[in-house]
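One structure is given below, encoded as structure tokens.
The values are calculated or read from the model by the stated rules, or taken from the named source; none is laboratory data. All values derive from a computational prediction rather than experimental measurement. Note that each Cβ is placed from the backbone with ideal geometry, even for glycine, and that neighbours are counted across all protein chains shown.
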């Protein structure tokens, strides 16, 4: 474990506000367990819990808070200078931070989704959801990491993407679903464990290729941006 | 011990002898400043991007609805339903403006400066709350006004038609005010907990979004009473239930209100009032303690 990833992990866990991440997955678990124990038909509670809460809310929001936090928090309080002035290649800064962000988001989201998937259908669905949401966490983290280098307000821009693009437009304009990480995750999970609970219009190859493209593209762009990064004080 | 030799020179500073405006002027100034901050007025272009993005989207939607109505005569959404349809944008707007109003002051540590004025701590919180409520009400009210103007100028029934339309608009505006009050009090309470705008925005969105599926789950539980009480699960649904109870057909056409909330209308109203009251009370409590450190 490199020093950068160590610092990043401590920056995330060292503060009390990390506890804010826990209610979301906990709620997912509680809803799944309550629905299961009361004997509600999984076909009814599956989609709202697994997709409506798990993949559409918990995954992007956790990835947003963590992904913008690993680098954005240091940029905000100016301590990023300490890392930037070390003789490290930029990829040795971006990749460990991306790894930590992905690991934390994936662990926070995949575990409750696995349990909920098992309760809803089968171990296979649980594993499928966990694997797909880990991939989704990677894609979201890469995207939000590069956002925190491109703009001073990464969280709001990330929320525009999550709320307006994926949430609002995804519901009314079907075509935008092709460019939505949420739909790719659903497509991949449905491919690994075909059930009636998940459904999307995006085909699996498209989802896989686009996910890889977002991950690689965002990471390369982040490394390139960090190469010529200028530390500026807050304006406006 | 020698005699003190220091002298205090009068170098001619003038004292302020004009009128002192007092508490309510401070309150008014803070409220106005908050309202301007909400829309980024008097600040750089960067601060205007997100509020006006949301405002632009709702106005475009309203213009689209008006166009559909004038061309085909079909009412896609009533005024009250408009607020419900825009709920995700309202959440985003609160996530943008709420932290802007209170988190910046917490982070930069200017609160002791505010509280050294004749401004009670509660007034600071209430002025910010008032600003957020007004901004949200404008966000939901302005598009409804656009829709009303479109309908009023194309009505076939003359002045009578305009009058009926106005009768539809006013409940819509009241319903928008309900949205504004509930969302502002919950959102501002969350924002006032942290000085980091990023965390405040994430927290607000998380709270509003994670509560929505609770309603979905409760409404499929195998108990009629639980189904009818399901809308207590999230602020958005709570507002909708109160609206359905008080406005009836204007919000939920076809008299389906009974199916949704049963006889629990008064309970929903009580819970909504309690929610707002407790959020405001917690906000005031928070500002009694904050900046004392």
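Quick one: which of B:180, B:176, B:152 is without any contact (Cβ under 8 Å) to a residue 60 or more places away in the chain, part of a helix (DSSP H, G or I) and either buried (at least 22 other Cβ atoms within 10 Å of the Cβ) or within 21 Å of the chain's Cα centre (by Cα) (or both)?
Values: B:176 fails: without any contact (Cβ under 8 Å) to a residue 60 or more places away in the chain; B:152 fails: either buried (at least 22 other Cβ atoms within 10 Å of the Cβ) or within 21 Å of the chain's Cα centre (by Cα) (or both).
The match here is B:180.
Mind checking whether some residue in region B:75-90 is modelled with pLDDT of 90 or more and under 21 Å from the mean Cα position of the chain (by Cα)? So far as region B:75-90 goes, yes, one or more of its residues are modelled with pLDDT of 90 or more and under 21 Å from the mean Cα position of the chain (by Cα).
For region A:1-32, which residues satisfy the criterion of being over 19 Å from the mean Cα position of the chain (by Cα), more than 20 Å from residue A:59 (Cβ to Cβ) and surrounded by 18 or more Cβ atoms within 10 Å (Cβ to Cβ)? Don't jump to the end; show me each part of the working.
Our first condition is that a residue be over 19 Å from the mean Cα position of the chain (by Cα); within region A:1-32, this holds for A:1-4, A:6-7, A:10, A:14-16, A:30-32.
So of that shortlist, the ones also more than 20 Å from residue A:59 (Cβ to Cβ) come out as A:1-4, A:6-7, A:10, A:14-16.
Once the filter is applied, which keeps residues that are over 19 Å from the mean Cα position of the chain (by Cα), more than 20 Å from residue A:59 (Cβ to Cβ) and surrounded by 18 or more Cβ atoms within 10 Å (Cβ to Cβ), region A:1-32 yields A:4, A:7.
Looking at region A:2-21 only, could you name the residues that are without any contact (Cβ under 8 Å) to a residue 60 or more places away in the chain and in a loop (DSSP other than H, G, I, E, B)? Explain how you work it out, then say what you get.
Step one: list which residues in region A:2-21 are without any contact (Cβ under 8 Å) to a residue 60 or more places away in the chain, which gives A:3, A:6, A:10, A:13-20.
Across region A:2-21, the qualifying residues are A:14, A:15.
Report yes if residue B:185 is closer than 26 Å to residue A:63 by Cβ, buried (at least 20 other Cβ atoms within 10 Å of the Cβ) and in contact (Cβ under 8 Å) with a residue 12 or more places away in the chain, otherwise no. Answer is no for this residue.
For region B:188-210, what are the residues that are closer than 20 Å to residue A:58 by Cα and over 18 Å from the mean Cα position of the chain (by Cα)? B:198, B:199, B:210, listed by residue number.
Among residues belonging to region B:34-50 that are in a helix (DSSP H, G or I) and in contact (Cβ under 8 Å) with a residue 40 or more places away in the chain, point out the one that is farthest from residue B:135 (Cα to Cα).
Looking only at region B:34-50, we keep the residues that are in a helix (DSSP H, G or I), and these are B:34-38, B:45-50.
Of the ones still in play, those that are also in contact (Cβ under 8 Å) with a residue 40 or more places away in the chain are B:34-35, B:37-38, B:47, B:50.
Details: B:34: 9, B:35: 6, B:37: 10, B:38: 7, B:47: 15, B:50: 13 Å.
Only one residue tops the list, namely B:47.
Among the candidates B:239, B:217, the residue that is touching a residue at least 40 places away in the same chain (Cβ under 8 Å) and in a helix (DSSP H, G or I) is uniquely B:239. Quick one: which residue in A:60, A:47 is assigned to a helix (DSSP H, G or I), within 11 Å of another protein chain (Cβ to nearest Cβ), in contact (Cβ under 8 Å) with a residue 24 or more places away in the chain and farther than 20 Å from residue B:221 by Cα? Just one listed residue meets the conditions, A:60. Scan region B:155-167 and tell me whether some residue there is in a helix (DSSP H, G or I) and in contact (Cβ under 8 Å) with a residue 60 or more places away in the chain. No, region B:155-167 contains no residue that is in a helix (DSSP H, G or I) and in contact (Cβ under 8 Å) with a residue 60 or more places away in the chain.
Matching residues to (1) over 21 Å from the mean Cα position of the chain (by Cα); (2) closer than 18 Å to residue A:136 by Cβ; (3) modelled with pLDDT under 90:
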site	(1), (2), (3)
A:81	yes, no, yes
A:84	yes, no, yes
A:91	no, no, yes
A:98	no, yes, no
A:106	no, yes, no
A:112	no, yes, no
A:119	yes, no, yes
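A residue that is modelled with pLDDT of 90 or more and within 30 Å of residue B:109 (Cα to Cα) occurs nowhere in region B:254-269. Taken over region A:33-43, the criterion of being over 22 Å from residue A:111 (Cβ atoms) and exposed (fewer than 15 other Cβ atoms within 10 Å of the Cβ) is satisfied by A:38, A:39, A:41, A:43.
Just to be sure, is residue A:53 in contact with a helix residue (DSSP H, G or I) (Cβ under 8 Å, 6 or more places away or on another chain), outside any helix (DSSP H, G or I) and modelled with pLDDT under 90? Here the answer is no, as residue A:53 does not meet what is asked. Exactly one residue out of B:139, B:107 is part of a helix (DSSP H, G or I) and buried (at least 24 other Cβ atoms within 10 Å of the Cβ), and it is B:139.
Can you tell me which of B:198, B:206, B:212 is assigned to a helix (DSSP H, G or I), more than 7 Å from every other protein chain (Cβ to nearest Cβ) and crowded, with 19+ Cβ neighbours inside 10 Å?
Working: B:198 fails: more than 7 Å from every other protein chain (Cβ to nearest Cβ); B:206 fails: more than 7 Å from every other protein chain (Cβ to nearest Cβ).
From the options B:198, B:206, B:212, the qualifying one is B:212.
Looking only at region A:166-183, count every residue that is touching a helix residue (DSSP H, G or I) at 6+ places or on another chain (Cβ under 7 Å), in a loop (DSSP other than H, G, I, E, B) and surrounded by fewer than 19 Cβ atoms within 10 Å (Cβ to Cβ) and tell me the total. Adding up the residues that qualify gives 0. On inspection, residue A:65 fails the criterion of being more than 10 Å from chain B (Cβ to nearest Cβ) and touching a helix residue (DSSP H, G or I) at 6+ places or on another chain (Cβ under 8 Å).
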